[in-house]
Amino acid sequence: MAKKLMKGSEAIPEAAIQAGCRFFFGYPITPQNDIPEYMSARLPKVGGCFLQAESEVAAINMVYGAAAAGARVMTSSSSPGVSLKQEGISYIAGAELPCVICNMMRGGPGLGSIQPSQGDYFQATKGGGHGDYHLIVLAPSSVQEAVDLMHTAFDLADIYRTPVMLLADGIIGQMMEPVEFHEHEKRELPDKPWAVTGYDPNGTKPRAIVNSLYIEVDELQEMNDRLQARYKEIQEKEVMVEKYNTEGAEVIICAYGTVARICKSAIALCAEKGVKVGLVRPITLWPFPEKELVEVMAQPSVKRELTVEISAGQMHEDVRLAINGSKPTDFYGKPGSYTPTAEEIAEYILKTREA
Amino acid sequence: MKTVFKKTPVLTDTIMHYCPGCGHGIVHRLVAEVIEELGIQNKTIGFVPVGCAVFGYKYFNIDCVEAAHGRAPAAATGCKRVNPENIVFTYQGDGDLASIGAAEIVHAAHRGEKITTIFINNAIYGMTGGQMAPTTLVGQKTTTSPYGRDPEHCGKPIRIAEMIATIEGAAYVERVSVDCVPNIIKAKAAIKKAFQCQIDRKGFALVEVLSSCPTNWGKSPAEAMDWIKSDMIPYYPLGVKKDTTNE
Amino acid sequence: MVSKVTIDENRCKGCGLCVRACPKKIMQLSKTKLNEKGYHPAEVTDQEACIACASCARTCPDAVITVEKE
């Protein structure tokens, strides 16, 4: 199939539809409105249903109901809207339902800005709502990668019966890039005998109950143990990471999303000055590529690490936990919506090298 | 011998956790009897709330989903949109529907969502220990209105059936009561009509049921039923508030 | 009329709504029995007077009453 020039927030919903998503529930918020708009035009044409909910709270609960019925279902929003969805996401995690949530991050806290940001890393990777749960969090750094990850997102959601978040920044949503919708490797997907589709007392299928209430301590423990075992399996099997120019590097940058692309330009600028800098780019923010980062950092050539984010250093905490004091780490970035340039990142690396 | 009355198989054999004399048990039974009589057990999906009816999935012998507090109409919407051939209902109390879930119920009605809502109005929060509800009567003492509900301070009780009846998408809205056998028989007829409304794809249907909470009202089960009649019905008049099912 | 009211005693919570509903005033909460849950279950005092109207069953919140007639 030929490449097509597409905006991220149109390519993402198209990829979702191609991944079998037929139900979308959302609420308008900038900068992600192209996603529901695209879905509202396309889904009725493919036998699906788009519904604009009365709020993000309602939208995520419609996702809950649709997922309970066994559908491939998705919602999208941007930071303040994703905050509103957290209650529902916790229920979806607790009820062990699959779904995909797209967050086009904007600046915060509060109403913040409508410019790109990476300030929702904590919320996305540490749970976000109440209780001990995780989302699988996928962070694309190009429109093509966002398209490819949509298929992965829906498959992982079904395989592990968990909500999956596509965590992108406003740049991915607004940027136009050539994309190709190609065939994806089919993973073996489980049946959904737990879905509520109607109970026949004379049939063989047991009564389906979708629920996250376990009033007995032992039962709640059992549910949590099941979740934790699943999270462990995800950590073992599903980590995705890009290592760029890391072989023999002196400095390792850790960055994700569009910031990682800016860092690649900074790496080129440093190379011009004769300084070898590499990049570890987590594609799964949760599970975080801890082992992979540690391996890269263990190289004798590596003197230090630098995390670059549009945040106050949220992912940097995970980097520090992974490196665990074995080598110096540093952070470059600002909270809010300030996107750093390649030049200033390179300048910072070179300056701190001399210091 | 011919059976005049026996427990419907659409209720499970699990003993309900409700306090003695609680109206929830009556309404559960009516809903289950209606599902049996309409022959829709194998395609009905129940969405139960947060509140006293949170364990409804243990009692309704059908596929069930436990929804977050107030969100049952939204969750039911998602399910109904995926499988329109299913009969989907929500069962919600007054804290769930009239307070935290006010937006979700209004917009389910506004969209004319083809679902059925059974709304239990017992003028109090039961599960959490008898706090004031939006439906608590003026002067009624609860654990968060210990001097009686003061309308100057927190308004007058909300009439949900009348409010929902003003919404275009609502096809059938009725308020009933379970205070006495004749009213229980009428309540069942209303619940049946509300399910039929969905089967016929006429639009959103809601039945508000005035029900008792003897424990949190501090009354015996019989006194509680009397109080529905003496105090609730005058403020919450029974009857059909809207019916466009024949149009 | 020959009728039969059967009460599933161990499921009864002794709320007394059947006593209140019975038009023939032939139901009471047992003065002697306690069920598994510690409630005084409902009982019929005069089965022969029963008209099988099932008012007791229709008001019972716990669906413990079965009514039959010839």
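Observations
- The modelled label-to-label distance for the pair B:Tyr235/A:Arg320, using points 7 Å beyond Cα in the direction of Cβ, is 5.6 nm.
- When all protein chains stay in place and ligands, DNA and RNA are ignored, the 1.4 Å accessible-area order of B:Asp94, A:Asp148, largest first, is A:Asp148, B:Asp94.
- Charged side chains reduced to their Cβ positions (Lys and Arg at +1, Asp and Glu at -1) give the protein assembly as shown a dipole of some 1600 debye around its Cα centre.
- Residues along segment A:71-92 losing 20 Å² or more of accessible surface when the other protein chains are present rather than the chain by itself (probe 1.4 Å): A:Glu87, A:Tyr91
- Membrane-span-like helices in chain A, defined here as complete DSSP H runs extending at least 20 Å along the helix axis by their C-alpha atoms with mean Kyte-Doolittle hydropathy no lower than 0.5, are A:257-272; this is a sequence and geometry rule, not a statement about a membrane.
- With the simple spin-label model, which puts each label point 7 Å out from Cα in the Cβ direction, the A:Asp191 to A:Glu354 separation comes to 6.9 nm.
- The GNM of chain A, with springs linking C-alpha atoms under 10 angstrom apart, assigns the highest mean-square fluctuation among A:Val280, A:Val196, A:Val82 to A:Val196.
- Å² per residue, accessible surface of segment A:190-335 at 1.4 Å: 49 Å²
- Here segment B:23-243 carries DSSP beta bridges of which approximately 15% are antiparallel, counting only pairs with both residues inside.
- Per residue, in Å², the accessible surface of segment C:3-69 once ligands and nucleic acids are set aside, probe 1.4 Å: 46 Å²
- Geometric extent, Cα atoms of segment B:1-115 - Rg, Dmax (angstrom): 14.4, 51
- Summary: within chain A, the longest segment free of GluC sites (Glu not before Pro) located in DSSP loops with at most 15 other C-beta atoms within 10 Å is A:1-179.
- Interface area, A with B, accessible, probe 1.4 Å, both sides summed, Å² nearest 100: 2600 Å²
- Top of A:Ser326, A:Ser142, A:Ser117 by mean-square fluctuation, Gaussian network on chain A, Cα under 10 Å: A:Ser326
- Distance between modelled label sites at C:Gln28 and C:Met1, nm, 7 Å Cα→Cβ extension: 2.3 nm
- Among the residues of B:1-11, the average count of other protein chain beta-carbon atoms within 10 Å of the residue beta-carbon is 6.
- Stretching B:His17 away from B:His110 to a fully extended chain increases their span by 30.1 nm, per 0.36 nm per residue minus the current alpha-carbon distance.
- Candidate cross-link partners of A:Lys205 among the lysines, defined by an alpha-carbon separation under 22 Å and a same-chain spacing of 8 or more, comprise A:Lys192, B:Lys43, B:Lys58, B:Lys80.
- Top positive-direction residue, dipole computed over chain A with Cβ charges, set A:Gln314, A:Ala69, A:Asn103: A:Asn103
- Accessible-area composition of chain B, carbon plus sulfur, in percent [1.4 Å probe]: 54 percent
- GNM remark for chain B: springs join alpha carbons under 10 Å apart, and the peak mean-square fluctuation among B:Thr144, B:Thr117, B:Thr44 falls on B:Thr144.
- For segment B:226-247 versus segment B:151-218, the gap between their alpha-carbon centres in whole angstrom: 7 Å
- Fraction of antiparallel bridges per DSSP, segment A:63-207 only, in percent to nearest 5: 5 percent
- Going from the chain on its own to the full set of protein chains, segment B:25-67 has these residues losing 50 Å² or more of accessible surface (heavy atoms, 1.4 Å probe, no ligands, DNA or RNA): B:Arg29, B:Asn42, B:Tyr57, B:Asp63, B:Val65, B:Glu66.
- Rg and Dmax, both from the Cα atoms of chain B and both in Å, are 16.8, 59.
- In the protein assembly as shown, the DSSP beta bridges split such that about 30 percent are antiparallel, to the nearest 5.
- Accessible surface of chain C, 1.4 Å probe, proportion on carbon and sulfur as whole %: 48 percent
The values are calculated or read from the model by the stated rules, or taken from the named source; none is laboratory data. Bear in mind the structure is a predicted one, so any value in this text is a computation, not a measurement. Here the Cβ is made from the backbone with ideal geometry for all residues, glycine too, and neighbour counts use every protein chain on show. Note: areas computed on protein heavy atoms with side chains; ligands, DNA, RNA excluded. Shrake-Rupley method; radii C 1.70, N 1.55, O 1.52, S 1.80 Å.
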